[in-house]
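So the structure is just underneath, and the comments pick up after that.
FYI, it's all coordinate maths here, none of it is from the lab. Model, not experiment: these values are computed from the prediction. Note: ideal-geometry Cβ built from the backbone for every residue, glycine included; neighbour counts use all protein chains shown.
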Amino acid sequence: MAAPAPGPVAHGGATVGTLVRDAAARLAAAGSGSPHLDAELLAGHVLGVDRAGVFAAGEAQVGPVQAAAFEAAVARREANEPIAYIRGFREFHGLALAADARALIPRPETELLVDAAVAEVAARLAGAPRPAGSPPLRIADVGTGTGAIALAMLAALRKRRMDGHVMVLATDASPEALQLARENAAGHGLADPARLEFAEVDLLPAGVSGLDMVCANLPYVKTADMASLAPDLAWEPRSALDGGRDGLDVIRRLLLRLPGVLARGGVALLEIGADQGASIAEAVADVLPGWRCTVAVDLAGLPRVARVEYGPHAERGPHAERGA
Ligand code: GLN
């Protein structure tokens, strides 16, 4: 039997632990808000292990190929490139979604919108028996970006054997983003044209109507706030973030479309910024008289998902109480 292969050759004695510590110091100096986490994630990415694996490998020596790959990744992060773009994916609602400069990186707060959308579909399917041959619930994800909302919703519904009852239209004005969304759909086995359609369009195609639900995480950052955002955000498409003077320009344009596109009883679930709970209600009162707007808070207790539907303001649905 051959002797065991020698371990990786030491290069200046660099162990995983030393490289990670040095990288964390560099990233702290470069202004990262989470230098240790960043260094561990990048080391895990290069070594092909998770963070626990990075700790476990602390004393192991790093070979030249991996050391060079790690150096390149750390240099990218020093230039503020987001970890998701360097690793090429981001976990969202249990899915590893491909992420790159073509689209906004999916954010954890948007998982709340997905949960609300799935609960809405479940409630609608439970509310009325659906005989065979019933048309599917029609749902739009407007400004789908990576496809995060549409795909996480479909994946969650598939787990519950409910995906056969929906048809999702995922739109984006950016052809590059839409291509990424298609790749993600294929990557998760969700590219079924009977369940999911894509459209390259500003908001929604002309002539769309009868939608049971419109979901959207549109740009909502105020233009004046764009300059003071964390430097990482400069790597993401500005068109996915900049929402104009009060941040609600694009959302307001979508609100104006709702009477034409929603079916009777249809609802819109819109992600908003933490400081927009009052301004979204004002915008709805302004452009959609007679419509109701309730706002659900996220896990941090901040306004996050606006629910907009036709109906009297006095009536408060269960959504309004969530997390309150
Ligand atoms: N939540 C994002 C951020 O400020 C904004 C996303 C958006 O504009 N839809 O990081």
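Per-residue Karplus couplings for the range 125-137, computed as 6.51 cos²θ - 1.76 cosθ + 1.60 with θ equal to phi - 60°, are listed in order as 6, 6, x, 9, x, 10, x, 3, x, 4, x, x, 5 Hz, Gly and Pro entered as x. Listed from fewest to most Cβ neighbours within 10 Å, the set V221, V54 follows the order V221, V54.
Multiplying the residue separation of L229 and L256 by 0.36 nm and removing their Cα-Cα distance gives an extension gain of 6.8 nm.
Rounded to the nearest 20, the size of the Cβ-charge dipole of the chain about its Cα centre is 780 debye, with Lys and Arg at +1 and Asp and Glu at -1. From helices alone, the chain scores -12000 deg cm²/dmol at 222 nm; the rule is -39500 (n - 2.57) for each run of n ≥ 4 DSSP H residues, then divide by the residue total. Length gained on full extension, S209 to A300: 29.2 nm, using 0.36 nm per residue less the C-alpha separation. Model label points for A30 and A72, set 7 angstrom from Cα along the Cα-to-Cβ axis, are 1.5 nm apart. Computed over the range 93-227, the convex hull of the alpha-carbon atoms projects to a mean area of 8.8 nm². Net charge dipole, the range 108-199: roughly 540 debye, given to the nearest 20, about the Cα centre with Cβ charges of +1 for Lys and Arg and -1 for Asp and Glu. Between the amide H of W291 and those of G311, distances stay under 5 Å, these residues lying 5 or more places away or on another chain, with hydrogens modeled in the peptide plane. As a proxy for reagent exposure, ranking V297, V208, V168 by other Cβ atoms within 10 Å from fewest up yields V297, V208, V168.
Backbone phi angles across the range 141-153, fed through the Karplus curve with coefficients 6.51, -1.76 and 1.60 (θ = phi - 60°), yield HN-Hα couplings of 10, 8, x, 5, x, 5, x, 3, 5, 4, 6, 5, 5 Hz in residue order; Gly and Pro are listed as x. Applied to the range 193-200, the Karplus parametrisation 6.51 cos²θ - 1.76 cosθ + 1.60 on θ = phi - 60° returns per-residue 3J(HN,Hα) values of x, 7, 10, 9, 10, 10, 9, 8 Hz, with x for Gly and Pro.
In this rough spin-label picture, where each label sits 7 Å from Cα along the Cβ direction, the R21-R182 distance is 5.0 nm. Length gained on full extension, A56 to N80, computed as 0.36 nm times the residue gap minus the Cα-Cα distance: 5.9 nm. Where Rh denotes the Kirkwood radius from the mean inverse Cα pair distance, what is Rg over Rh for the chain? Answer for the chain: 1.05.
The loop-placed GluC sites (Glu not before Pro) in the range 254-315, going by DSSP, that have at most 12 neighbouring Cβ atoms within 10 Å of their Cβ come out as E315.
Placing unit charges on each Cβ (+1 for Lys and Arg, -1 for Asp and Glu) gives the chain a dipole about its Cα centre, and among F198, T223, Q66 the Cα reaching farthest toward its positive end belongs to F198.
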